[in-house]
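*Asks:* Supplied in structure tokens, the structure appears directly below.
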Amino acid sequence: MSLDIAATVAQMTLEEKAALCTGASSWTTIPIDRLGVPALLVTDGPHGIRRVPDTGSLGATALPATCFPTASAMAATWNVDLIHAVGQALAEEANSMGIGVVLGPGVNMKRSPRCGRNFEYYAEDPYLAGEMAVALINGVQSKGVGTSLKHYAANNQETRRFTINAVVDERTLHEIYLPAFEAAVKRARPWTVMCSYNKINGTYGSEHRQLLTEILKQDWGFEGFVVSDWGAVRDRVKALAGGLDLEMPGPKPSRVQAVIDAVHNGELDEAALDEAVRRILRIVDKAAATPKGAEFDVDAHHALARRVAAEAIVLLKNDGVLPLQQPQRIAVIGRSAKEPHFQGGGSSHINPTRVDSPFDELQKLAGDAQLTYSEGYPAGLETDQALIDAAVQAAKAADVALLYIALPGSIESEGYDRDNLDLTEQQVALIKAVCAAQPHSVVILNSGSAVVMNEWIDGAAAVLQAWMMGQAGGGAIAGVLFGAVNPSGKLTETFPLRLVDTPSHLSFPGGHGEVRYGEDIFIGYRYYDAREVPVLFPFGHGLSYTQFAYSNLRASATTFKDADGLTVSVDVTNTGAVAGQEIVQIYVHDHAAELVRPPKELKGFAKVALQPGETKTVQIALDFRAFAYYHPGYHRWITEDGDFDILAGASAADIRDKITVTLRSTLELPSLLNRESTLGDWMADPTGRTIIEPVRQEIVGGMMRRMGGGEGDEEGGDIGMDVLGFLRETPLLSILHFQEGALPQSPEEIVDGLLAQVQGG
């Protein structure tokens, strides 16, 4: 029986309302038995369900659940249907454990590859991250379990994450750090949104009224409740007033009493508390409507985890050694071949239902081949030359060497950031030595984010990026190595040549309690493109055992209105000898804009399966936002008349075809002219140009005469400058001040009069 929300709120005491807005335990909300309000059980779960038996415990061993590949791996599939299926599986497991809301997904941007929690995030691109989040959320919630979109907002590092002040300008916030949240809220309607720990421009995420109330709830229409990250609330009353509905974890009697006292003394409007209560009750009621306790199919979910891991693997380099061609002797090197590194540390650490051993999975596909194992490197950061020597001898005696390399948890985890992008000293030395001894050496990387490879990649015959691959990743890797699976994953983050090349290098992770997002909108490939910085592997890169050709790129219109958008089509052909999947990426380039824009931006993609010789047409819709940018002067997304290139590519650096279309903007924007506007601003503004034109000659002519030249003089008389160029960059008010003695009114009165005409006309 569902709750009558309005009636329930009306019957609740102030004490009950205040208590409902704070957790009852580490993982539950407070039940109100007399009104039939049940408790809501939430749990960690971006890539698996971390359900601890004791709801009062934060870090106890969780119940067994499927450990799917982490978000960095899931995104590398570029397969939204597959991620939707993962969401459904997560919901089935949550239901079996009585869980109402799964805490995830995380859609924070990979601002820097050094962020220790990057394995929990999807991409360096907001459009791609948003598409992944929409797919996962819709999958989970289709089964009657809620999600918690996190960490809102600008939580892009672990260093001082509880207190750091992220200083980010309005345009960058709206173009880079909010769009993934916006897409998920508007298109998937998550039941909850989780605020971040950090400050954003001086205000804690838990208290940020602009983000929580004005943008999230009012502008985007979010109808669920906002929950704190665990321990993120500093001032409970300020948080409630700002839009934070539920504080977790609990119990916190002092916080409950603070809310009661604030209502009594008039510091907090009870209407704000009532709104939070209504939002919480709606989700509690939705969760209670889903039957709990059904068993999930352990084997089917393990198989799904293997499929995701297989599609996530990115073939970074291949000199022809892969797929393996019936080698008789295989040297398997690296401790992660027998002790797989398949997930990251922290709140998302899953107790898996089973774990496939990479070595055992290799053995299953190797037939009569002889496999030898060498540890290669220790568990920690220490060095051991004897391990390298043993691996080299094994490699020399083999037909091929497979190096399984995994970063230790002490380097990459929630709670701290990476110091560098290097593998361990031992791992680098191991790879170099083995590759020198065995030219047919394949490096398999298990990391949550990018690593640098300059010291050793030239010697490797092939490199696989297998990410934190989940519990079934060992079998997925074996399938790719032996050609049972054709790799189809592509990078969702740029792999730089050096750490110093990264956009945020000089400002990450900040200092003295503050991090400045000085790279503005230029993160990831946007930066590398704009600065023409060479990279190791570009955004969107990934090889296959076959080849694909692109042809006949076309658009539904060559001239179109922004409100209508357009549809882009391109033909893709498998020109190789084996079946495969290609990820077609559509980028947009603006020829000219008032504000600087990246050389290109991802605005669409599609994954297509093709048999040898087969051709399919891929269609991708581009809407208003595909061509718009956020203008801080208007505080909104705008388009401008002009030409745009539509680019179809296999990666950000591998553009296969291009067409140009012309956009006609339907927006009627107010003038931004003000007292500080330059003469150039007035002439660029359509209304301003019309209004100032009758007096422009007189204003400019007077100034030219004072500066010793005549209008049109390139050198400006005797002062050696382009006076007209000078005046274009000078405020109109300042130009008039130079001529004040000859004016019938004060410069301020003249400019204000002209501005009044602009506003009126």
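*Asks:* Give the lysines whose C-alpha is closer than 19 Å to that of residue 364, dropping any in the same chain fewer than 8 places away, or say none.
*Replies:* List returned: 338.
*Asks:* From the residues 241, 523, 132, which one has its Cα farthest along the dipole of the chain in the positive direction, the dipole being from +1 and -1 charges on Cβ of Lys/Arg and Asp/Glu about the Cα centre?
*Replies:* The one lying farthest along the dipole's positive direction is 132.
*Asks:* Work out the FRET efficiency for residue 593 and residue 289 from their Cβ-Cβ distance, taking R0 = 51 Å, and round it to the nearest 0.05. Walk me through the numbers on the way to the answer.
*Replies:* Values: r = 48 Å, r/R0 = 0.94.
E(calc), rounded to 0.05, equals 0.60.
*Asks:* Can you compute the FRET efficiency between residue 169 and residue 360 using 1/(1 + (r/R0)^6), with r the Cβ-Cβ distance and R0 = 60 Å? Round to the nearest 0.05.
*Replies:* 0.70
*Asks:* For residue 746 and residue 706, what is the calculated FRET efficiency with R₀ set at 25 Å and r taken between the beta-carbons, to the nearest 0.05? Before the final figure, lay out each step's value.
*Replies:* Values: r = 18 Å, r/R0 = 0.72.
With R0 = 25 Å, the Cβ-Cβ based efficiency is 0.90.
*Asks:* Suppose only helical runs count, i.e. DSSP H with n ≥ 4. What mean residue ellipticity at 222 nm does that imply for the chain under -39500 (n - 2.57) per run, divided by all residues and rounded to the nearest 500 deg cm²/dmol?
*Replies:* Rounded to the nearest 500, the figure is -8500 deg cm²/dmol.
*Asks:* How big, on average over all directions, is the shadow cast by the Cα convex hull of segment 56-205, in nm²? Numbers along the way, then the final one.
*Replies:* Values: hull surface 36.3 nm².
With every direction weighted equally, the projected area is 9.1 nm².
*Asks:* If you don't mind, another one. Angle, helix 179-188 long axis vs. longest principal axis of the chain, Cα atoms, 0 to 90°, nearest 10?
*Replies:* For helix 179-188, the angle is close to 70 degrees.
*Asks:* To continue, here is another question. Among 695, 206, 446, pick out the residue whose Cα is farthest towards the positive end of the charge dipole of the chain, where Lys and Arg carry +1 and Asp and Glu carry -1 on C-beta, about the Cα centre.
*Replies:* 446
*Asks:* Which is the longest stretch in the chain that no exposed loop site breaks, taking sites as GluC sites (Glu not before Pro) with a DSSP loop state and at most 15 other Cβ atoms within 10 Å?
*Replies:* Between exposed loop sites, the widest span is 1-222.
*Asks:* Compute the helix-to-body angle for 425-437: its Cα long axis versus the longest principal axis of the chain, expressed 0 to 90° and rounded to tens.
*Replies:* Value to nearest ten degrees: 70.
*Asks:* How would segment 446-586 be classified by its alpha-carbon gyration tensor: rounded, prolate or oblate, with rounded meaning a/c under 1.5 and the a/b versus b/c comparison settling the rest? Walk me through the intermediate numbers first.
*Replies:* Values: a/c = 2.11, a/b = 1.08, b/c = 1.96.
Oblate is the answer for segment 446-586, as a/c is 1.5 or above yet b/c matches or exceeds a/b.
*Asks:* Just the projected area, averaged over all directions, of the convex hull on the alpha carbon atoms of segment 152-211: how many nm²?
*Replies:* If you wrap the Cα atoms of segment 152-211 in a convex hull and average its projections, you get 4.1 nm².
*Asks:* If you line up the long axis of helix 686-706 against the longest principal axis of the chain, both from Cα atoms, how many degrees apart are they, to the nearest 10?
*Replies:* Between the helix axis and the principal axis of the chain, the angle is about 60 degrees.
*Asks:* Less than 19 Å apart at the alpha-carbon level, and either on another chain or at least 8 residues along: which lysines does that give for residue 561?
*Replies:* 603
*Asks:* Using alpha carbon coordinates only, what is the Rg to Rh ratio of segment 304-537, with Rh defined as the Kirkwood radius?
*Replies:* 0.98
*Asks:* Related question: For the chain, which span is the longest to avoid every loop-located (per DSSP) member of trypsin sites (Lys or Arg not before Pro) having at most 16 other Cβ atoms inside 10 Å?
*Replies:* Counting only loop sites that pass the neighbour cut-off, the longest clear stretch is 499-674.
*Asks:* Using the Kirkwood radius built from alpha carbon pairs, what does the Stokes-Einstein equation give as D for the chain at 25 °C and 0.890 mPa s, in µm² per second?
*Replies:* Value of D from the Cα-based Kirkwood radius: 86 µm²/s.
*Asks:* Taking just the alpha-carbon atoms of segment 352-479, what radius of gyration and Dmax come out, in angstrom?
*Replies:* Computed over the Cα atoms of segment 352-479, radius of gyration and Dmax are 14.5, 45 Å.
*Asks:* Here's a follow-up. If the cut-off is a Cα-Cα distance under 26 Å, which lysines reach residue 607, setting aside same-chain residues fewer than 8 apart in sequence?
*Replies:* Within the straight-line cut-off, residue 607 pairs with 110, 143, 186, 317, 490, 616, 658.
*Asks:* For segment 1-136, rounded, prolate or oblate, judged on the Cα gyration tensor with a ≥ b ≥ c (square roots of eigenvalues), a/c < 1.5 rounded, else prolate if a/b > b/c?
*Replies:* Prolate is the answer for segment 1-136, as a/c is 1.5 or above and a/b outweighs b/c.
*Asks:* May I pose another question? What whole-number volume per residue, in cubic angstrom, does the convex hull of the C-alpha atoms of segment 424-489 give?
*Replies:* 101 Å³
*Asks:* At q = 0.11, 0.19 Å⁻¹, what log₁₀ I(q)/I(0) does a Debye calculation on the Cα points of segment 548-664 give, no solvent, two decimals?
*Replies:* With one equal scatterer per Cα and no solvent, log10 I(q)/I(0) is -0.38, -0.94.
We did not get these values from a lab; they are worked out from the coordinates using the rules stated. If you're wondering where the values come from, they're calculated on a predicted model, not measured in any experiment. Quick reminder, even Gly has a Cβ in these numbers, built from the backbone with ideal geometry, and neighbours come from all protein chains shown.
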